[in-house]
Structure formats: structure tokens, C-alpha cells
Amino acid sequence: MRRRKIDGCPIAGALQLIGDKWTMLVVRDLFAGPKRTTELLEDLHPISSRTLMGRLREMEHDEIVLRNNYGGLPRRVEYELTDKGRRLVPLLDALMRVGQALDCNDCEDRKESAGYYCDFCPSREGARSPVLEVDEPTPQPPPMRRHKDDSIVLL
């Protein structure tokens, strides 16, 4: 990972990997399969092409997406999720459920503004189940707390 370590906490590390809102939205849009840059720009409106390309480069560096350059004229480049990128899908599902519980947006809002549901939306016809099986880590014992020493030290 190219970013500096904060405190060694896995939550902090995951947040550094995710970076900003665009990363998770790119993961959402690549969930259904590979897409070209122009398709991502359309789906992620109002993202600028400069911002999108920067995020895609960082995600490629972090091995979240795979860039497939098919060459030819005009140039054809597609992006797809790697196995590591697919491990973020359960987080997308959790974010969707939290957004629904907090009444942030509704899938119908997206359809009304963009004209279609996102590929991740459960309201979409023929939608794939967004929840993927992820290897659960083995339960860890609670961290050892330092014993508080209330004794007074006399010098």
C-alpha cells in the first residue's frame, strides 16, 4: 500500500485503501463486470475525467482493479475488479443498507435522475446478489490491556 500507516489498526488501513467516495462508487459500477473509461464517466457523473483517472490509477496500484489495454484505434481500455477489489463488495452492501436505514436516498431517486438503476441495485431486473462470500477471519482474543499501576513511586 502506498499510503503511510496511521496506527496499525485494520480499520484505518481499510479507510486508507478506500480513500474517498469515488473508490467505492467505482467498485459499485465494476461489480457487474468490466467497463470502459467512458462508461465509468457516464455512470459516475459528475466526476471529472481527471479525478476518475487518478482514482483508477491508485486503485490499480492497490490491486483493486485490473486495467486491460486492448490497443487498437481508437484505444480500448477496460477496467475490472480483482479478487481484492471484490472483497469490498460486502462493504458496499453494508453501505447500501445503512443508506436505506438512514433514509439517505432511494434506488428510485437514482433511476429518476440517471434514468436507470446502478448495477448494484437490488431493484434492477436480473440483478445479481451483491453479497459475496468472504473468508471470515478466525476470532481473535480480546486485546490485552495494560495493567494500571496505581502505586506511587517515591524518588
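On the stretch given as region 108-127, residues that are under 20 Å from K35 (Cβ atoms), without any contact (Cβ under 8 Å) to a residue 40 or more places away in the chain and not in a loop (DSSP other than H, G, I, E, B) total 3. Where residues in region 36-63 are crowded, with 18+ Cβ neighbours inside 10 Å and touching a residue at least 60 places away in the same chain (Cβ under 8 Å), which of them is farthest from Y116 (Cα to Cα)? Top of the filtered list is D62. Can you find, within region 42-78, the residue that is modelled with the lowest pLDDT among those that are within 15 Å of the chain's Cα centre (by Cα) and in a loop (DSSP other than H, G, I, E, B)? Checked region 42-78; the qualifying residue modelled with the lowest pLDDT is L44. The single condition from (1) surrounded by 12 or more Cβ atoms within 10 Å (Cβ to Cβ); (2) at pLDDT 90 or above that G33 fails is (1). Taken over region 16-35, residues that are in contact (Cβ under 8 Å) with a residue 24 or more places away in the chain and either hydrophobic (A, V, I, L, M, F, W, C) or part of a loop (DSSP other than H, G, I, E, B) (or both) amount to 13.
The values are calculated or read from the model by the stated rules, or taken from the named source; none is laboratory data. Just so it is clear, the structure is predicted and the values come from calculations on it, not from any experiment. Neighbour counts run over all protein chains shown; Cβ positions are idealised from the backbone, glycine included.
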